[in-house]
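So the structure is just underneath, and the comments pick up after that.
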Amino acid sequence: MIKVSRRCIVVAALACPLLLANVSAFAQTWPQRTVRLVVPLPAGSGPDLAARLLAERLAPRWGQPVVVENRPGSDGILAATTFLGARDGHTLLFSFAGIISINPLIYDKLPYDPADVVPICVMSDFFLALAAAPQAGVNSLDDLVKLARAQPGKLNWASSPGLPRYVFTTLLKEAKLDMVEVSYRDFNQGGLPDLRAGRIQAVATGLPSVLPLVQSGGAKLLLLPNRERSKLAPDVPTAREAGFPELTFDAVIGVFGSRDMSAEIRARIAADVRAAAEDPVVNARLLSVGAAVRYGDAAEFASMIAEQRGKVAAIQQPAR
């Protein structure tokens, strides 16, 4: 048995508060240099704008530049590997949840460990939409379901990549519909014109992408999969309001840190993001790109991610 002197115990007891104080002090003095926000989407996208709004407000609070670095493509894999490859304590990931909720389900092997990507906080919820071609003659999702059941295998659908595709495949599975998926290299350049022309009958995509088409009479909005209605389309029901609660998905965007970042620094970041999210200017700008501020702490973010993972996993299971 190892004997420990009373003097050692006293010294250790005195040292612990000092160590904790040093950790807390380091969190308060962080960052010491430029902070990078890695974004898995291209410049000009809604999440990119959200990241830049956030960077503008964090820089004066932190006393250091905050720069946005776009790494689009590959379902966020490039952004995740760029973020985790830095390991410098000053690189954060500003991303959709799919990097750790969906990718592990659809890729046999990832070049990163999802457990290394730690949720810090949610900043916003981006609005998705299900829309139909005018030629389909439907005014609600219930109408589309009835039409698809009357013409199995005859109707076409498409989606932008990521979460919108899982929204539509959930509809197909839950309603037991037989529709043909049409894939596009660039959904906005191919799918939306085909929707207007009636070559495809329904789509799932981001609300901002399809809204101009709706406003010009080239598409009909059926519902929003989000939990709340959007001020950009106040008359369009949510999935729950339309009678399809299983289509409710959180298209949340938030901040992630690495696993080796201290809890104190993550808490500091979360508090500062919350302060930025409460800025009325940020709220207004996010609304203009089809999003709403929806702040959530680390625990709430983790819960949203777990819920999303569970829904996507259920979609991938064979129908009974």
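Structural remarks
- Among the candidates Tyr184, Tyr166, the residue that is closer than 20 Å to Ser45 by Cα and in contact with a helix residue (DSSP H, G or I) (Cβ under 7 Å, 6 or more places away or on another chain) is uniquely Tyr184.
- Within the stretch 246-320, helices (runs of 4 or more DSSP H) holding 3 or more residues that are modelled with pLDDT of 95 or more and of a type in the set (Lys, Arg): 263-277
- With respect to the conditions (1) at pLDDT 95 or above; (2) in the same structural domain as Arg227 (by TED's automatic domain parsing), Leu163 falls short on a single one, namely (1).
- If you go through the stretch 189-229 and keep only what is touching a Leu at 6+ places or on another chain (Cβ under 6 Å) and in a loop (DSSP other than H, G, I, E, B), you end up with Gln201, Ala219, Pro225.
- The single condition among (1) of a type in the set (Gly, Ala, Ser); (2) touching a residue at least 24 places away in the same chain (Cβ under 8 Å); (3) more than 17 Å from Arg227 (Cα to Cα) that Ala314 does not meet is (2).
The values are calculated or read from the model by the stated rules, or taken from the named source; none is laboratory data. Here the structure is a predicted model, which means the values were calculated and not measured. As a convention, Cβ positions derive from the backbone with ideal geometry for all residues, glycine included, and neighbour counts pool all protein chains shown.
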